[in-house]
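Contents: one structure, followed by commentary.
The values are calculated or read from the model by the stated rules, or taken from the named source; none is laboratory data. Everything numeric here is computed off the predicted structure, so don't read it as measured data. Because the Cβ atoms are built from the backbone with ideal geometry, glycine has one as well, and the counts that use them run over all protein chains shown. Each accessible area value is taken on the protein alone, full model and side chains, heavy atoms only, with ligands, DNA and RNA left out. Shrake-Rupley method; radii C 1.70, N 1.55, O 1.52, S 1.80 Å.
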Amino acid sequence: MWVEIVSVGSELLSWDKAETNSLYLSKQLKFLGLEVRYKSIVGDIESDIEATLITAAGRSPFVIVTGGLGPTEDDLTRKAVAKALKRVLVLSDALIEKIKTRFEAMGKEMPKNNERQALIPNKAIIIDNPIGTAPGFALEHNKSLVICLPGVPSEMQRMFEDGVLPLIKGRIEGPGTIEARIIRICGIAEAKIDEIIGDLYAAERGVRIGLTADEYGVDVRITSAGLSDAEAAKRVDELKEKIAARLKDNIYSFNEEAMEALVVRLLKEKGARLSVAESCTGGLIQKRITDVSGSSACFEMGVVCYSNEAKIQVLRVPSNMIKEYGSVSSQAAMAMADGIRRIAGTGYGLSITGIAGPEGGTEKKPVGLVYIALSEKGKETRCKGYNFTGSREMIRKKASQMALDIVRRAILSN
């Protein structure tokens, strides 16, 4: 079975607004073993939305619509859905009271316009919105289930998890439940992973493997459908173990744990503390670490030493070293790592320096060249150079992930 996603909103067709709801939905639906075969973005024109919905409901078992459920004149989804599926819009007094209560909880009076959000096609299933004012709804139309949700990502995601998942699971054909696992990998390319585990793709009946790559590494996704509960869990776990045996310490998570959360957890378990000195990543590593609740128990301090002068004055990197090798060099990176560990008095000192671009590269030191060093108490400071590709943002993300992975591996090796 498959799903079609329709995103409504003229702003999503502009150059400066990314459409992200479909990315979230595609990921969640994949866990259910459902393939997304069509995606559409439609502007705020009622006839266009109506035409898109007629086509979608005529060919797809599930249609998920996001956006256009607000209280203003240009929120046209409910009208278009009613026309496309030949329903009558009905004003729900119960929903009006819920919306009023939501405003009262915020200490506000409900504007008259918000009553529009209580207009629901007749015979629709109401999907509660626990964190916003726009309710969602679902409609059976011939052999299709059309689901309409607000476009605000936080509201859409909460409503999908609480209200939509049960609806979809109740309509998925075939015995048993969906089993899914995500294996997160860093330090090895997608093509190499495919080479290592490619023979497993068709090895297990009823189980599928998929790879997804981004700046933070590669996710290996295992899904199973159409099997009994026990058989699905058994098959997925067996395949997970086979993959783990081949990819070994390149795997950093079996439960979707982010790298920064894992590093914080490992540091706390070891009773160790970390300090960080960053140049090209501009504080991204420190941000990722301190985004983790409880990181104060293991993260001592961090500095962003962007200029050569800052590296010299703050971290005591020798000026003659920078003059001879440059600030983007293994020598400078190791001196930075030693310097921050010495200043902070921590067991680990991590440093990173490089050229994130798009300017600043040379033939000898191109854009994407990054050196990452780790100073560890009682051990020789080590450094490795990398050549990352992509935009400035992509290079910085890749570099921050690799730096955290170096810390992860160091902790686990002790």
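Can you tell which of 288, 221 is open to solvent by 30 Å² or more (accessible area, probe 1.4 Å) and either out of contact with any Cys (no Cβ under 8 Å at 6 or more places or on another chain) or among the acidic types (Asp, Glu) (or both)?
Selected residue: 221, the only one of 288, 221 that is open to solvent by 30 Å² or more (accessible area, probe 1.4 Å) and either out of contact with any Cys (no Cβ under 8 Å at 6 or more places or on another chain) or among the acidic types (Asp, Glu) (or both).
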Just for the stretch 9-25: of the residues that are open to solvent by less than 30 Å² (accessible area, probe 1.4 Å) and among the polar types (S, T, N, Q), which one is farthest from residue 71 (Cα to Cα)? 22
Selection from the stretch 111-146 of residues over 23 Å from residue 60 (Cβ atoms) and among the hydrophobic types (A, V, I, L, M, F, W, C) yields 118, 119, 131, 134
How about the stretch 218-271: which of its residues are closer than 24 Å to residue 348 by Cα, more than 24 Å from the chain's Cα centre (by Cα) and among the acidic types (Asp, Glu)? 269
Just the residues that are at pLDDT 90 or above and either part of a strand (DSSP E or B) or surrounded by 14 or more Cβ atoms within 10 Å (Cβ to Cβ) (or both), please, taken from the stretch 197-208. 197, 200
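Here is a check on your reading of the model: is residue 346 closer than 27 Å to residue 264 by Cα and in a loop (DSSP other than H, G, I, E, B)?
Criteria met by residue 346.
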Apart from one, (1) among the hydroxyl-bearing types (Ser, Thr, Tyr); (2) in contact with a strand residue (DSSP E or B) (Cβ under 7 Å, 6 or more places away or on another chain); (3) assigned to a helix (DSSP H, G or I) all hold for residue 400; the odd one out is (2)
For the stretch 374-390, give me each residue that is part of a strand (DSSP E or B), without any contact (Cβ under 8 Å) to a residue 40 or more places away in the chain and farther than 25 Å from residue 273 by Cβ. 386, 387
Members of the stretch 5-41 found to be of a type outside the set (Gly, Ala, Ser), more than 26 Å from residue 232 (Cβ to Cβ) and in contact with a helix residue (DSSP H, G or I) (Cβ under 8 Å, 6 or more places away or on another chain), listed by number: 6, 8, 17, 19, 20, 21, 38, 39, 41
What's the number of the condition residue 69 fails, among (1) assigned to a loop (DSSP other than H, G, I, E, B); (2) surrounded by fewer than 23 Cβ atoms within 10 Å (Cβ to Cβ)? (2)
With respect to the numbered conditions (1) at positive phi; (2) open to solvent by 10 Å² or more (accessible area, probe 1.4 Å); (3) in contact with a Pro (Cβ under 9 Å, 6 or more places away or on another chain), which one is the sole condition not fulfilled by residue 86? (3)
What about residue 227, is it outside any helix (DSSP H, G or I), without any contact (Cβ under 8 Å) to a residue 60 or more places away in the chain and of a type outside the set (D, E, K, R)? yes
Among the residues of the stretch 345-357, which ones are closer than 14 Å to residue 407 by Cβ and surrounded by fewer than 24 Cβ atoms within 10 Å (Cβ to Cβ)? 346, 347
Which ones in the stretch 269-285 are touching a residue at least 24 places away in the same chain (Cβ under 8 Å), open to solvent by 60 Å² or more (accessible area, probe 1.4 Å) and not in a loop (DSSP other than H, G, I, E, B)? 270
